Each structure stands twice: as structure tokens, then as C-alpha cells.
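Just so you know, all these numbers are worked out from the coordinates, no wet-lab data involved. In this text the structure is predicted, and so the values were computed from the model without any measurement. No Cβ is skipped: glycine too gets one built from the backbone with ideal geometry, and neighbour counts run over all protein chains shown.
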Amino acid sequence: MSLKSPLRRVTYLGSAKGGSGHWFAQRVSAVALVLLGLWLVAALATMGGASHANVVAWLSSPVAAAFAVLLVLVAAWHAMLGLQVVIEDYVGAKGQRLAVLLVVKFVFAVAAVIGVLSVLRIAFGVAA
């Protein structure tokens, strides 16, 4: 028989925070990626063998550019959420886990910014 209180027995055995927000964000971003991916595939399929200039002209439209920016942002967010779970599950040392999480979040933030700027550069017709 233990004299420890029920609270004392579970202290430091796991997160006291709910993981439902992270889980829900991953599912919502997955659904958004499916919808945006279907939009992209359908849009490109309707163009058939369009030239580079035609695809650039299509991406220059405000609706296509907005959806492309959303696709880039949602893809980066979803990938970051997924890698965060893997890192939290498989990197044991707390300091190392924190360092890897910071690097991953930074890399995905930079990738998202580069992707958005690339889409905007095409949308606004900025020459190379």
C-alpha cells in the first residue's frame, strides 16, 4: 500500500495539457491540403499541355494566387505539426528535443516565406 496521493502518483508522468488542439489542427490542415491539392490538380489538368506562359498567366489571377499561397502555408503548417509529433515522441533528451524543435520550426517558417514570396513574385509579374 502506498501513502502517496493519487495526484502525486501521476506527477511528472506525462503532459498535463490536452493534446486535442494539436490533433484537431493536424486533421483540419489535412482536410485543407486534400481540398487545395484537388484544386491544384484539377486546375492543372484542365490546362492540358499549356505553355509556361499560360501557367504563369493563370497563376497571376488573384484567385489562383490566393489558393496557391494557402496551399504553401497549409502544407508548411501541416508538415511542421507532423514532424513536431515525431520529434516529441522519439527524441529523448529535453534539451536536444527543444533544439531540434526550434530548428524544424525555423526551417518550415523560412520555407513557407520563400514559397509565399515565390507565388507572389509570379502573381505580380516581377521579372527575374
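Along the charge dipole of the chain, Cβ charges K/R +1 and D/E -1, which of 49, 32, 82 sits furthest on the positive end?
So the residue furthest toward the plus end is 82.
Taking R0 as 30 Å, what's the FRET efficiency between residue 39 and residue 86 from their Cβ-Cβ distance, rounded to 0.05? Provide the component values of the computation, followed by the final result.
Values: r = 28 Å, r/R0 = 0.93.
Plugging the Cβ-Cβ distance into 1/(1 + (r/R0)^6) gives 0.60.
What's the angle, to the nearest 10 degrees (0 to 90), between helix 20-47's Cα axis and the longest principal axis of the chain?
20
Among 44-54, 26-36, 87-97, what's the highest-first ranking by average C-beta atoms within 10 angstrom per residue?
Details: 44-54: 9.2, 26-36: 14.7, 87-97: 11.0.
By packing density, highest mean first, the sequence is 26-36, 87-97, 44-54.
If you fit an axis through the alpha-carbon atoms of helix 94-123 and take the longest principal axis of the Cα set of the chain, what angle between them do you get, 0 to 90°, nearest 10?
On a 0 to 90 degree scale, this one is about 20.
Tell me the relative contact order for region 31-109 as a rounded percent, counting alpha carbon contacts under 8 Å between residues six or more apart.
Working: 25 pairs, mean separation 24.0, N = 79.
Relative contact order for region 31-109 comes out at 30 percent.
Each label point is 7 Å from the Cα along the Cα-to-Cβ direction; what then is the distance between the points at residue 124 and residue 99, in nm?
With each label point 7 Å from Cα toward Cβ, the separation is 3.9 nm.
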